[in-house]
1. Per the helix-only calculation at 222 nm, which mean residue ellipticity applies to the chain, given -39500 (n - 2.57) for every DSSP H run of n ≥ 4 and division by its residues, nearest 500 deg cm²/dmol?
2. Find the Cα radius of gyration of segment 267-373, compare it with 2.2 N^0.38 Å by division, and give the number to two decimals.
3. Considering the convex hull of the alpha carbon atoms of segment 169-313, report its projected area averaged over all viewing directions, in nm², one decimal.
4. Among 256-266, 93-103, how do they line up by average Cβ neighbours within 10 Å per residue, starting with the highest?
5. Which value, in debye to the nearest 20, gives the size of the charge dipole of segment 267-397 about its Cα centre, when Lys and Arg are +1 and Asp and Glu are -1 at the Cβ?
6. Ignoring ligands and nucleic acids, what accessible area does residue 443 show with a 1.4 Å probe (Å², nearest 10)?
7. Solvent-accessible area per residue for segment 335-470 at a 1.4 Å probe radius, Å²?
8. So which of 54/392; 54/393; 155/393; 54/147; 155/392; 54/155 end up more than 23 Å apart, counting from Cα to Cα?
Amino acid sequence: MATRDSAIARINDYLTSGGFEDELARMVAFDTQSQEPAKRPELRRYLIEEMVPKLAELGFAHRILENPVDAGVPFLLAERIESPDFETVLVYGHGDVIRAQTEQWREGLHPFRLVREGDRLYGRGTADNKGQHCINIAALRTVLAEKGNLGFNCKVIIEMGEECGSPGLGELFEQNGELFHADVLIASDGPRLHPERPTLFMGSRGAINFDLRVDLRGGPHHSGNWGGLLRDPAIVLAHALTSIVDRRGQIQIPEWRPTSLTPAVREALRDCPVGGYDGPAIDPDWGEESLTPSERVFGWNSFAVLAQKSGVPEAPVNAISARANAHCQLRYVVGTDPDDILPALRRHLDRQGFAEVEIIPADRGFFRATRLDPDHPWVARVKESIIATTGKKPAILPNLAGSLPNETFAGILGLPTVWVPHSYPGCSQHAPNEHTLISMTEEALEMMTGLFWDLGETPAAQRAEPALQA
């Protein structure tokens, strides 16, 4: 007789027999760097050769959807509709990966070859995001193999441009809303709070990137002849940057200080300590002084200078530079007006006497902040299922500290969104030596199998009602 326990035993066999490693190795081998134009053919090949066959085997009808904004970045929609009376769950993943950084991986590793060392599986995409949607599809496969049906309708969308800002995803949803009609998004991306603790988050911080540039003259001039007579653009820019945040990184622009760190959010974050587990040591004297580390990263905004240049750093000469540039980023939470971020910065710089500092918006899209109430009924259903499988109380985060295209699901499709991440903060995503943990994967496979089993068993009277999301 098919039972929840027998389904979990089946998914454990899939892991211990090497099935998960074999499947993930095939997925990792596709060089799907969406930020590299030369790799665009690999994006479509990943969908056609890897994703379509595995979903077709599960009884999913499929279609490749062309991108309305960028023709080189396609989408896959697959759906299994068992009954018009059933709930519909939308599952999301992205098959593209960040730049490979091949030369920076340590000896014995390669971004597009899966390598196992102890509890770790190395390869680009093992954490972000191939390993995560591999887990979720394997869980769907297991439930179907065990009882022959899901007990709910399921739609799967795989996009191939998340690492370059999800171009066209919002437009796709706007033009094809009925195709993606569902009751909830349940997806996996980003890290758990800690590898041993299951985590849920219901939104993400937004992100906006921009350059600050000071361009004072046509070219550099000898520092002996002109030093003390010509303004140094690097120094001007440095002072402009220090007017945005103080020496401990506290934001000085009033419009960039969010209004959404409510007592309820602070109470939720009290149970979510951050730090440790192979990540860098937290600097206790950095960030908003009155906040805890968890509040700083999940409930507040942060400003960072991602790159900065003046002159020729690799071959400096004795000359006053003509220009200086800093590539900057604001990560922001709900409670910040995204349309006023750069105008507020312009007003601030002008007030501080830095009219010569030019603001140049990034030429690629970035994600807006979203947040779903942690008390939402869908959150409760997922949480209860995870507790039943693991015996652990999951961390409930109002939003991810990073950024995801969640606003397209929450805003355009109007879905409650529940994310169940399967990586951890020390996984080196977006860096050399990216990896996932086999021990964490084992729990994730069990957890998602239990969740999909439970969704098909839930009586109609107990199902969550639709609700709006911020």
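The values are calculated or read from the model by the stated rules, or taken from the named source; none is laboratory data. No experiment lies behind these values; they were computed from the predicted model shown. Backbone-built Cβ (ideal geometry, glycine too); neighbour counts: all protein chains shown. Side chains included, ligands, DNA and RNA excluded: accessible areas come from the protein's heavy atoms. Shrake-Rupley method; radii C 1.70, N 1.55, O 1.52, S 1.80 Å.
1. That calculation yields -8500 deg cm²/dmol at 222 nm.
2. Cα-based Rg divided by the globular estimate yields 1.38.
3. That works out to 14.8 nm².
4. 93-103, 256-266
5. Result for segment 267-397 is approximately 320 debye, rounded to the nearest 20.
6. 30
7. Details: 5230 Å² over 136 residues.
Per residue, segment 335-470 has 38 Å² of solvent-accessible surface.
8. 54/392; 54/393; 155/393; 155/392
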